[in-house]
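Structure first, then comments.
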Amino acid sequence: MILLTGGAGYIGSHTCVELLEANYEIVIADNLSNSDIESINRIEKITGKRPVFYELDLLDQEKLNRVFEENQIEAVIHFGGLKAVGESVEEPLQYYQNNLTGTLNLLEVMKNHGVKNLVFSSSATVYGEPASVPIRESFPLSATNPYGRTKLMIEEILTDIAKANSEWSISMLRYFNPVGAHVSGLIGEDPSGIPNNLFPFITQVAIGARSMLNIFGDDYPTIDGTGVRDYIHVMDLASGHLKALEKNLYSTGIDAYNLGTGIGYSVLQMVRAFEEVNHVKIPYRVTARRPGDIAECYADARKANKELNWYASRGLNNMCSDAWNWQVKNPSGYKTKVYS
Ligand code: WQD
């Protein structure tokens, strides 16, 4: 069985669907601090299979140990952790406790049960302010905020473990900007409160939940002055996890992979694409730059293409239409009642 920590979350739930449809048996462990049990019901609705679910916090090592006692876990995909950059600047200790101690607990329990196969949810944030784009895995790593620092520290912890014991198989997946939703519109991104990220903000403006998009600066050295990012469909991200898991199953050692499309789009390009694809209007105004933002960030994904035989297959149109389909069907996210 495959354990997904944080499996009820945005990327976790989409990866659950991908694994279930590839006939893996999965166990989800999630503390539901940034996700909803309803996503498990939706995973079952999509796949016809209900994953085993444990509501637990990775800081509760005893409860986590019981998951391994009660299930034949052969590999782990580790999504569980806090991930808001701004919040991490205000609450660094909460981020170190949650993300580092939670991960150390998981690794300890894995070791005690002889489980040495791990896919780790890392982030392009570990590249800090890249000297150039597109970004390759060999680029220098640095952190510009506590969230990114926890990702970097965990990558270093995993590297030391792999050095100490060559039997471990570890893939560290550096996500660029995940967007979109499963084509059914039953699962999707459901941020609590005001969305930090661009895409959920756009969909909430489009549905009338928010009046206006603030574009954080249009004076960057980019195609139109607004920030450029590598947006990747969440289902492409999910398939990347399946490929990394399969690579781990037939090889040992540790490696990092960029999961991006290799194409950068600016904020204005994303707004225009969303309006065109979904025939909606997104009112916006340009405001000051957001502290910590960088001008451009997009991936060189050739290593994952070659070594994982993984390719992002969904383009901007799918990202825009699938994100909108989820939002329209779930105006209040998972709190929206879905009548079968
Ligand atoms: C994208 C672009 C903003 C909101 C973050 C994390 C990263 C990863 C993905 C976890 C930027 C602009 C945004 C808005 C805007 N998360 N923007 N108005 O900052 O690239 O990456 O999310 O792994 O770690 O750092 O994503 O969606 O916040 O911003 O103009 O209301 O949209 O300036 O250019 P980001 P984002």
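The solvent-accessible area of Val115, taken with every protein chain present and a 1.4 Å probe, is close to 10 Å². The mean accessible area for residues of the chain, using a 1.4 Å probe and ignoring ligands and nucleic acids, is 43 Å² per residue. Scattering from the C-alpha atoms of the chain alone, worked out with Debye: what is log10 I(q)/I(0) at q = 0.09 1/Å? Results for the chain at q = 0.09 Å⁻¹ read -0.45. Of interest is the spacing of the C-alpha centroids, which for region 290-335 and region 10-86 amounts to 21 Å.
The modelled label-to-label distance for the pair Glu25/Ser184, using points 7 Å beyond Cα in the direction of Cβ, is 2.2 nm.
Can you give me the relative contact order of region 8-139 as a percent, contacts being Cα pairs under 8 Å and 6 or more apart? RCO, region 8-139: 22 percent.
Please give every one of the aspartates and glutamates within straight-line cross-link reach of Lys329, meaning a C-alpha to C-alpha distance under 19 Å, and leave out same-chain neighbours fewer than 8 residues apart. Hits, sequence-local ones excluded: Asp36, Glu38, Glu44, Glu189, Asp190, Glu275. Solvent-accessible area assigned to carbon and sulfur over region 85-137 amounts to 50 percent, based on a 1.4 Å probe.
Label-to-label distance, Ile157 versus Ile207, with points set 7 angstrom from Cα along the beta-carbon direction: 3.5 nm.
Convex hull volume of the Cα atoms of region 18-107, normalised per residue: 104 Å³.
For a quick protection proxy, order the peptides 48-59, 282-293 by their average other-Cβ count within 10 Å, most packed first. Mind dumping the intermediate values first?
Working: 48-59: 16.2, 282-293: 13.2.
Per-residue Cβ counts within 10 Å, averaged per peptide and sorted highest first, yield 48-59, 282-293.
Using a 1.4 Å probe on the protein heavy atoms, what percent of the accessible area of region 1-84 belongs to carbon and sulfur? Its accessible area is 41 percent carbon and sulfur atoms.
Given contacts defined as C-alpha pairs under 8 Å and at least six residues apart, what's the relative contact order of region 227-300, whole-number percent? Walk me through the intermediate numbers first.
On the way: 59 pairs, mean separation 40.1, N = 74.
It rounds to 54 percent for region 227-300.
The figure for Ile223 is an accessible area of roughly 130 square angstrom, using a 1.4 Å probe on the protein chains alone.
Just order 186-196, 271-281 by mean Cβ neighbour count inside 10 Å, highest at the front, would you? Please report the intermediate quantities before stating the final value.
On the way: 186-196: 18.1, 271-281: 16.1.
In descending order of packing, they fall as 186-196, 271-281.
Kirkwood hydrodynamic radius, computed over distinct alpha-carbon pairs, for region 193-340: how many Å, to one decimal?
17.0
Springs between alpha-carbon pairs under 10 angstrom, Gaussian network model over the chain: which of Glu296, Glu70, Glu25 fluctuates most? Greatest mean-square fluctuation among the candidates belongs to Glu70. Amide H contacts of Tyr127 (H built 1.01 Å from N, in plane; Pro and chain starts excluded): Ser142 sit under 5 Å, all sequence-distant by 5 or more or on other chains. Projected over all directions and averaged, the alpha-carbon convex hull of region 276-340 occupies 8.4 nm². Evaluated at q = 0.24 Å⁻¹, a Debye calculation over the C-alpha positions of region 233-300 (equal weights, vacuum) places log10 I(q)/I(0) at -1.16. Taking amide H as placed 1.01 Å from N in the peptide plane, the amide H of Ile26 sits under 5 Å from that of Ile2, Val52, each at least 5 places away or on another chain.
Please go through region 305-340 and write out the chymotrypsin sites (Phe, Trp or Tyr not before Pro) that DSSP classes as loop and that have at most 11 other C-beta atoms within 10 Å.
Values: sites: Trp310, Tyr311, Trp324, Trp326, Tyr334, Tyr339; in loops: Trp310, Tyr311, Tyr339.
Passing sites in region 305-340 are Tyr339.
Look at the alpha carbon pairs under 8 Å that are at least 6 residues apart: their mean separation over the length of the chain gives a relative contact order of 19 percent. Given a 1.4 Å probe and the protein chains as shown, Ile46 ends up with an accessible area of around 40 Å². Between Ser251 and Lys337, the contour length at 0.36 nm per residue exceeds the alpha carbon distance by 26.6 nm.
What 222 nm value per residue comes from the helices of the chain, counting each DSSP H run with n ≥ 4 as -39,500 (n - 2.57) and dividing by all residues, nearest 500 deg cm²/dmol? Estimated from H runs of four or more residues: -11500 deg cm²/dmol. For Lys63, go through the lysines and keep the ones whose alpha-carbon is under 25 Å away, minus same-chain ones fewer than eight residues off. Leaving aside lysines fewer than 8 places away in the same chain, those within reach of Lys63 are Lys49, Lys83, Lys111, Lys116, Lys151. Largest first, the residues Ser313, Ser251, Ser169 sort by 1.4 Å accessible area into Ser313, Ser251, Ser169. Computed over protein heavy atoms with a 1.4 Å probe, the carbon and sulfur contribution to the accessible area of region 167-220 reaches 48%.
The values are calculated or read from the model by the stated rules, or taken from the named source; none is laboratory data. This structure is a prediction, so every number in the text was calculated from the model and none was measured. Heads up, the Cβs are rebuilt from the backbone with ideal geometry, glycines too, and the neighbour counts pull from every protein chain shown. With ligands, DNA and RNA removed, areas are computed over all heavy atoms of the protein, side chains included. Shrake-Rupley method; radii C 1.70, N 1.55, O 1.52, S 1.80 Å.
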